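To keep things clear, I will list the structure first and then write my remarks on it.
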Amino acid sequence: MWNPFLKVEWLKEGRNIRLPMMLIFYNAILAFITILFMFFNAESFQEGYSYDTSAYLYQFLIISTIQIGMIFVLMPFSVWGFYSTDREKHMLEEFAMIPGSSKQFIIARVSVIIAVYMMLFISSLPIISLSCIYSGLPWRKIIRLGIMLFICTFWSASVSIFSFSYCKKGIWAFAQNTVIEAVFILGTILGTEIMRTISISVSGMDNLAPITTSLCLLLSLINPLAAYMGYYGNITGDSGLMNLYCGRIGIDSSTQAFSFLFYKAASIMCILMGIAFLALAVWQMEKQARE
């Protein structure tokens, strides 16, 4: 059955000036960074006779990193805009009273948000392709970037939708969203360091206990940046930062089995965590309807 909320959200977003403004400024920022790289690299290329593609390789990496970073920065504002009108007109309470509408409402919201951010990615393909061509990277790297952006968008959108469904005031929802993202991104890193310190203090040895290593590995899997580190290493061929981090918790990240399993498992965990936050958002809407 066609989701009526999805149709309404599509119409609202399509007629809103916010979408074309996002497209303009999003691509303007990426184009400006690309022009800066080409301007500064042109002088170095003119002075020498060798053509070094590493500068364009890092240009592609920086642009793709900015795209991923902008998801986490812009997502709370985007979701805030979706919920502000409904909060003012008390439409969320009315929707929640309809049996089974909470699930359709949440699915419609996350579908439209993902579609908008994927549209931003598609609109930026000419800019990304320019860096990809100059650096000699194959086109499948752009496809992998699109998959990475989709995973990060789904995770961040799910967290933001849960926060704005849980808190009635936008400022508190924004603060809660920031705290949740900080816990998953920075808190997991801090948690592994705490467990490592406790294990070394108890055992008196530099080697961690197997149970501590397993707990640290599981904690690292729920960090959304874990999947990005696999993308970074795949582009640059440098996994030194990941080797340093994993070496501290007793894991050899240089093996092919680790690279094949860990980053894919981290991507799957991002999707599962996103689904969990969406389920919590549906449960919160139904709870508010019962109250």
Regarding segment 70-88, can at least one residue be identified that is open to solvent by 60 Å² or more (accessible area, probe 1.4 Å) and modelled with pLDDT under 75?
yes
Six or more apart or on different chains, Cβ under 7 Å: which pairs go from a residue in segment 272-290 that's open to solvent by 70 Å² or more (accessible area, probe 1.4 Å) to one that's in a helix (DSSP H, G or I) and modelled with pLDDT under 85? Could you list them?
286/96; 286/102
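Right, residue 137: outside any helix (DSSP H, G or I), touching a residue at least 24 places away in the same chain (Cβ under 8 Å) and either open to solvent by less than 10 Å² (accessible area, probe 1.4 Å) or at negative phi (or both) or not?
For residue 137, the condition - outside any helix (DSSP H, G or I), touching a residue at least 24 places away in the same chain (Cβ under 8 Å) and either open to solvent by less than 10 Å² (accessible area, probe 1.4 Å) or at negative phi (or both) - is met.
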For residue 205, indicate whether it is out of contact with any Lys or Arg (no Cβ under 9 Å at 6 or more places or on another chain), modelled with pLDDT under 80, of a type in the set (A, V, I, L, M, F, W, C) and in a loop (DSSP other than H, G, I, E, B).
yes
Residue 188 fails exactly one of the following numbered conditions: (1) of a type outside the set (Asp, Glu); (2) surrounded by 14 or more Cβ atoms within 10 Å (Cβ to Cβ); (3) farther than 26 Å from residue 164 by Cβ. What is the number of that condition?
(3)
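The values are calculated or read from the model by the stated rules, or taken from the named source; none is laboratory data. Model, not experiment: these values are computed from the prediction. Heads up, the Cβs are rebuilt from the backbone with ideal geometry, glycines too, and the neighbour counts pull from every protein chain shown. Just the protein is used for accessible areas: all its heavy atoms, side chains included, with ligands, DNA and RNA removed. Shrake-Rupley method; radii C 1.70, N 1.55, O 1.52, S 1.80 Å.
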